[in-house]
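Structure record follows, encoded as structure tokens.
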Amino acid sequence: MKKCAVYARVSTLEQHVETQLYDLRQLAQNRGFEVVAEYTDHGVSGAKARRPGLDTLMADARKRKFSVVLVAAFDRVARSTKHFLQVIDEFDSLGIEFVSRRENVDTSGPMGRLFLTLIGSIAELESELIRERIRAGMRRRRLEGLPLGRVPLDVDHEALVADRLSGMSLTQTAKKYLVSRASVIRFVRNAQADTNCGQFAAAEQPTAACVA
């Protein structure tokens, strides 16, 4: 008897994962699978690639705790083709069968393997279309004499760094200056690197960070 895991996800707290779990348990019984683990994400959007339940499922898959994964539908796993393909590819590399109840897809059979080939081609086409749109946009901006690349953030860097170093939290600083948390970290790191460069300038022995 094959060991299987079931995964269920609902987007809002008002929804119930038990509806999906009941159907998946019934599907496992009909297929002759033994359910060894159930993973759920409650009130989590499918647009998020990182989810507690899905992350645990993938971690256990790598440990070979089961050989089949059952889901209620494709969109329970991922909303984007790219993320969905990444998950399916990893299952395939681990020798784990993927079964979707609504779409009636089972990757263990010839039709399932055809499905993997088709969705891979669709994902590749999607990526190529995105790249072509980017290239077309860059050509247009170049012909119009417009600058390429990201527009510099109009931010008072000195004030931002001073607030952050004075004890303001990362989130508060980001909200105050309307930038991302990553940008706050980058601005502070750059300011500290500039300070270190100034300290070494008199010795005429700049650090590797200053040279870079």
>> For the stretch 111-146, give me each residue that is part of a loop (DSSP other than H, G, I, E, B) and at pLDDT 75 or above.
In response: Glu144, Gly145
> Looking at Ser108, is it within 30 Å of Thr56 (Cβ to Cβ), polar (S, T, N, Q) and not in a helix (DSSP H, G or I)?
Replying inline: yes
> Picking from Phe66, Phe74, Phe98, Phe84, which residue would you name as being among the aromatic types (Phe, Trp, Tyr), buried (at least 16 other Cβ atoms within 10 Å of the Cβ) and in contact with a Cys (Cβ under 6 Å, 6 or more places away or on another chain)?
Replying inline: Phe66
>> Of everything in the stretch 26-46, what is at pLDDT 90 or above, outside any strand (DSSP E or B) and closer than 20 Å to Phe91 by Cβ? Give them in sequence order.
In response: Leu27, Ala28, Arg31, Gly32, Phe33
>> Which condition from (1) within 25 Å of Ser127 (Cβ to Cβ); (2) in a loop (DSSP other than H, G, I, E, B); (3) of a type outside the set (A, V, I, L, M, F, W, C); (4) in contact with a Gly (Cβ under 9 Å, 6 or more places away or on another chain) is the one that Arg64 breaks?
In response: (1)
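The values are calculated or read from the model by the stated rules, or taken from the named source; none is laboratory data. Everything quoted here is computed from the prediction, not taken from an experiment. Ideal geometry is used to build each Cβ from the backbone, glycine not excepted, and the neighbour counts take in all protein chains shown.
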